[in-house]
1. Out of all the residues in segment 130-152, which are closer than 16 Å to residue 50 by Cβ and at pLDDT below 80?
2. Scanning segment 335-345 for residues that are in a loop (DSSP other than H, G, I, E, B) and surrounded by fewer than 17 Cβ atoms within 10 Å (Cβ to Cβ), which turns out modelled with the highest pLDDT?
3. Enumerate the pairs (first residue in segment 531-548 and closer than 10 Å to residue 512 by Cα; second residue anywhere and of a type in the set (S, T, N, Q) and in a helix (DSSP H, G or I)) with beta-carbon separation below 7 Å, excluding pairs fewer than 6 apart on the same chain, so at least 6 apart or on different chains.
4. Scan 363, 376, 320 and give me the residue that is modelled with pLDDT of 95 or more and farther than 26 Å from residue 173 by Cβ.
5. Go through segment 454-494 and give me each residue that's of a type outside the set (Asp, Glu), touching an Asp or Glu at 6+ places or on another chain (Cβ under 6 Å) and not in a loop (DSSP other than H, G, I, E, B).
6. Looking at 504, 508 in this structure, which one is touching a residue at least 24 places away in the same chain (Cβ under 8 Å), crowded, with 18+ Cβ neighbours inside 10 Å, within 30 Å of residue 181 (Cβ to Cβ) and touching a Pro at 6+ places or on another chain (Cβ under 7 Å)?
7. So which residues in segment 153-199 are at pLDDT below 80 and farther than 21 Å from residue 278 by Cα, if there are any at all?
8. Could you please find all residues in segment 364-397 being out of contact with any helix residue (DSSP H, G or I) (no Cβ under 6 Å at 6 or more places or on another chain), of a type in the set (A, V, I, L, M, F, W, C) and over 26 Å from residue 318 (Cα atoms)?
Amino acid sequence: MVTIQGKGVSTGVAIGPLYFYRRVSGNIRRYTVEDTEAEWRRFKEAQGTAIEQLGALAEKAREEAGDDAALLFETHQMMAEDLDFEEAIQDLIKEQALNAEAAVTDTSVQFAEMFANMDDEYMQARAADVKDVSRRILSILQGAQEGGIDSPVPVILAADDLAPSETVQLDKSKILGFVTAGGSSSSHTAILARTMGIPAIIGVGDALKPEMEGREVILDGGTGEVVVEADALVRDAMLKKREEQLELKRLLESLKGQENVTLDGQKVKVYCNIGSPDDIAAVKNNDGGGVGLFRSEFLYLKCDDYPDEETQFQAYREALSAMEGKMVIIRTLDIGADKQIEYFHLDKEENPAMGMRALRICLTRPEIFRTQLRALYRASAYGKLGIMFPMVTSLWEVQECKRACQAVVQELKDEGIPYDQDVQIGIMVETPAAVTMSDQLARYVDFFSIGTNDLTQYTLACDRQSSVLGKFFDPHHPAVLRAIKTVTDNAHRYGKWVGICGELAADLEMTETFLAIGVDELSVSPSAVLPLRNAIRKTDVSKIRKSVMADLLFP
């Protein structure tokens, strides 16, 4: 038995075989092969697998979102079957005795450059298709599994850490829990785990060894403990703890359909944070009152080129329709910093968290912004939509966003395309600048949503992605809580509502504080809805408000 201590970031106990995430190597080995026929067959097998995968993806996209959504995968399928592409690879393998990985890489570069240099825009766009198809074939040649997991049974997934682009591709039906060498409580692996409602532990370093793969592992996301091949006594104790947690979950089920109201009658909305329309099922299963944060950037992370208006419209419409008239707040594109996407070609920055990211990209690349806004407003005809702009620091940014919205609305009106005229416009408050300006900003928006992950980062000058800062990254810091109070007061002064969509919203140690401050909405992972409702219904705000305000040094 081996016991390893990490930091729990998503509670619960999970038991299953350990599996290390297979990542495609960025370094392609180049070597001369002796049996060129065998190497050619190896390429053909990988090519055939890629074509099958793309065909399956096209059918899935067609079933879920129509023919237009399937077109991208069908285009990639045709590229994988292209005879010129295949013959170029064949020549490198058979004539130059080059290994398949190197042959695919060289051909990809050659064809991508050829397409990129053409005058026709449609043909230029094929350069991205070549790169994507080549990456898929290379991943198969290198033994990487689509979805990252090649196991017939669900597993405990281990990794150094996972990038957003990797988490979005995972086969989530195969994951019982996460354990990572690095990461932070606000990393995307942690956020995904909380969304899925499964245990996750970060910061175990190099304690998990490759030879442990396949062995039974027990995770306790509450204590941060990882046990490899537990003895009978420890295993029984963990199984008992898991059963107790499941029993508590069954008891919380009785709260479904109940109001989020305190003992003294104060009501608060409890919404959910999601990353795709697929998460709506979890929102409804956990009785979420709406969607307080739809992270639209995950649509971009899934694609190998900018998702077009139709692709985005289908995703937004699916979410709005599924929520059946309940509020769905969609955050506009928020990439940069820790969420890098290759096809955006962002310059390398020494401090990307402070650089070209989120709203700054939208306002400097207006065509990308316009495409997303058109998709959002078109989808608004199918439900109750709120649009939220991230990383606001100045009043002029909000004014520019509203002008962009007005221009799109006029376009749709002129084109006779239906949209909802009552879309709420809000901003995320994530920067000290937005906190300080919240009295002015409140005049121009319908709501505020406080992103406590970034607000803590910028207020405390503390990198949220760092795994070594520990107690220095403190979301409970009085400066952060006073900022929340200031924003709430300024919103209410102008009759606007304010919510919290950062991870702190689900921290039950903070529920009383947020209720005392007067926050109107808390948006959490779907699995956190019922525990939060339970805490709200046990609180008497009238009895705690004075002490909470005293702790925050407010009169």
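1. 132, 143, 144, 145, 146, 147, 150
2. Step one: of segment 335-345, the residues in a loop (DSSP other than H, G, I, E, B) are 335, 337-338, 340-341, 345.
Narrowing the set further to residues that are surrounded by fewer than 17 Cβ atoms within 10 Å (Cβ to Cβ) leaves 340, 345.
Working: 340: 75, 345: 80.
Per the criteria, the residue is 345.
3. That search, which allows pairs on different chains as well, returns 535/511; 536/511; 539/511; 548/513.
4. Just one listed residue meets the conditions, 376.
5. 455, 490
6. Numbers: 508 fails: crowded, with 18+ Cβ neighbours inside 10 Å.
Only one candidate passes the filter, namely 504.
7. 183, 184, 185, 186
8. 396
The values are calculated or read from the model by the stated rules, or taken from the named source; none is laboratory data. Computed from a predicted model, the values in this text were never measured in an experiment. Cβ coordinates were reconstructed from backbone atoms using ideal geometry, including for glycine residues, and neighbour counts include every protein chain displayed.
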